[in-house]
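Since every read-out is calculated from the coordinates, none of them should be taken as a lab result. These figures come from a predicted structure and were not determined experimentally. Virtual Cβ from ideal backbone geometry, glycine too; neighbours counted across all protein chains shown.
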Amino acid sequence: MNKQIKVAVVGATGAVGEAMLAILAERNFPVGELVALASERSAGQKLKFGGRDVVVQDLATFDPAGVDIALFSAGGSISKEYAPKFAAAGAVVIDNSSAFRYEPDVPLVVSEVNPEQVRNRPRGIIANPNCSTMQMLVALAPIHRKAGITRINVATYQSVSGAGRSALEELGRQTAGILNFQDPDPQRFPVQIAFNLIPHIDDFQDNGYTREEMKLVWETRKILGDDAIQVNPTAVRVPVFYGHSEAVNVETREKISAAEVRALLQRAPGVEVVDEPKAGGYPTPVTHASGRDPVYVGRIRDDYSHPRAINLWIVSDNIRKGAALNAVQIAELVLQER
Ligand code: A2P
């Protein structure tokens with residue numbers, strides 16, 4: 001492998017950017033030079049990368065010439081403006097925002113599910129899926145291949161880290177404040193998030209679903225390459241710091257039993273089955289997912305209300321597999337082409 005890869009991380013000071021730096025170092029990605037980019041506000045700040053200090057530079061004045069791989073996680077509008085500039089300068093852009101996910105000439109890749117799509121990147125841009133879709137499809141793709149999924153009903157329980165560093169701070173501050181008899185002052189979320197649940201993530205659409213919910217529909221179809229799959233999501237923000245959970249019901253064309261699904265998922269890449277019908281015999285964000293790589297699956301059971309349906313509980317660290325880890329895994333796939 002080429003030892004002199006120049007890697008840029010755009011949004012390096014954010015929750016996902018920070019994890020990108022940590023995961024690049026952890027996985028010994030062959031970084032020759034690491035460029036940390038953020039807004040003018042953070043320029044000059046020092047970040048740690050593999051035991052070294054890296055000084056944050058201002059994206060607006062940075063010249064992308066010579067960058068081999070750019071990992072973007074600074075929001076959709078930054079990606080729309082800067083990703084094409086990095087690609088034009090010769091970089092392969094791996095974009096964690098939703099700016100390009102639904103464009104036909106931009107592949108949308110989950111490394112365990114459709115790694116072959118990485119090569120189809122005429123614009124030099126590869127999109128990283130939404131965190132909720134990511135973990136759901138790592139677990140469901142093997143079932144789809146075996147039995148043909150026709151419909152997915154999913155309710156998500158999404159941690160605040162998915163909304164960035166300011167959201168993590170709001171949950172912490174609000175929790176402490178309420179315990180000290182202060183009134184909550186919601187800023188990052190539309191209503192109080194501490195000790196509460198919010199059935200509203202991203203903007204409302206004309207059809208009554210939120211955009212976060214529609215991402216599960218659009219992205220599932222694109223990644224599995226099957227426009228016939230029906231997806232019915234409800235996305236909920238919960239007062240958890242790290243780790244998204246999903247209660248999923250899948251209907252299949254062929255009959256597949258819970259026991260067969262359990263055996264299938266025990267062999268599936270990126271999946272860890274934690275499924276014993278006893279106290280603690282299931283994954284939770286805090287006990288299993290937070291800070292770890294796998295997608296954990298438990299509560300696998302036959303749907304007794306339907307002849308061909310299965311229930312699952314899917315939990316993963318939304319900042320790692322849901323964002324930064326998959327982006328680095330895509331970068332590893334790009335490197336393998338060299
Ligand atoms: P900054 O820290 O300088 O604002 P999060 O999703 O955790 O809030 O992180 C968002 C990331 O996107 C941060 O690294 C943030 O940098 C970066 N970002 C936000 N706005 C800009 C901008 N205009 N130019 C470059 N980076 C930006």
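Annotations
- For the chain, convex hull volume per residue from C-alpha positions, Å³: 150
- Environment charge at E18 (Cβ cut-off 12 Å; Lys +1, Arg +1, Asp -1, Glu -1): +3
- Long pairs among K46/K215; K48/K80; K80/K146; K146/K278; K48/K215, criterion Cα-Cα beyond 31 Å: K46/K215; K80/K146; K48/K215
- Computed lengthening from R173 to Y102, 0.36 nm per intervening residue step minus Cα-Cα distance: 22.0 nm
- Ranking of T287, T234 by count of other Cβ atoms within 10 Å, fewest first: T287, T234
- The convex hull drawn around the Cα atoms of segment 98-213, when projected onto a plane and averaged over every direction, covers 9.6 nm².
- Using the Cβ-Cβ distance between A65 and L197 with R0 set to 51 Å, the FRET efficiency from 1/(1 + (r/R0)^6) comes to roughly 0.60.
- Relative contact order of segment 112-219: 22 percent, from C-alpha pairs under 8 Å at least 6 residues apart in sequence.
- In the chain, the calculated helix contribution to ellipticity at 222 nm averages -8500 deg cm²/dmol per residue, counting -39,500 (n - 2.57) for every DSSP H run with n ≥ 4.
- FRET E, pair A155, N180, Förster distance 30 Å, beta-carbon r, rounded to 0.05: 0.40
- Amide H within-cut-off set for V35, under 5 Å, with H built and near neighbours excluded: V7, A8, V9
- The phi-based Karplus calculation (6.51 cos²θ - 1.76 cosθ + 1.60; θ = phi - 60°) puts the 3J(HN,Hα) values of segment 235-241 at 10, 10, 8, 10, x, 10, 6 Hz, whole numbers, x for Gly and Pro.
- If you wrap segment 24-164 in the convex hull of its Cα atoms and look at it from every side, the mean projected area works out to 10.4 nm².
- Selected from N232, N180, N28 as most flexible by GNM, with the chain as the system and alpha-carbon contacts under 10 Å: N180
- Extension gain for R301 to T287 (0.36 nm times residue separation, less C-alpha to C-alpha distance): 2.9 nm.
- Fully extended contour minus Cα-Cα distance, from A25 to Q187, at 0.36 nm per residue: 54.9 nm
- Highest-MSF residue in the chain out of P199, P190, P30 [GNM, Cα springs under 10 Å]: P190
- Most mobile listed residue (L264, L140, L171) in the chain, GNM with C-alpha springs under 10 Å: L264
- In terms of other Cβ atoms within 10 Å, F29, F100 run from fewest to most in the order F29, F100.
- For the chain, the longest principal axis of the Cα atoms and the long axis of helix 211-224 meet at an angle of about 90 degrees.
- Sites matching chymotrypsin sites (Phe, Trp or Tyr not before Pro) across segment 124-206 that sit in DSSP coil, with at most 14 neighbouring C-beta atoms within 10 Å: F181, F195
- Förster-model FRET efficiency, 25 Å R0, A89 and R119, C-beta, rounded to 0.05: 0.80
- Sites listed here are GluC sites (Glu not before Pro) in segment 143-247 whose DSSP assignment is loop and whose Cβ has at most 15 other Cβ atoms within 10 Å, and the list is empty.
- Order of S97, S132 - criterion: other Cβ atoms within 10 Å of each residue's Cβ, fewest first: S97, S132
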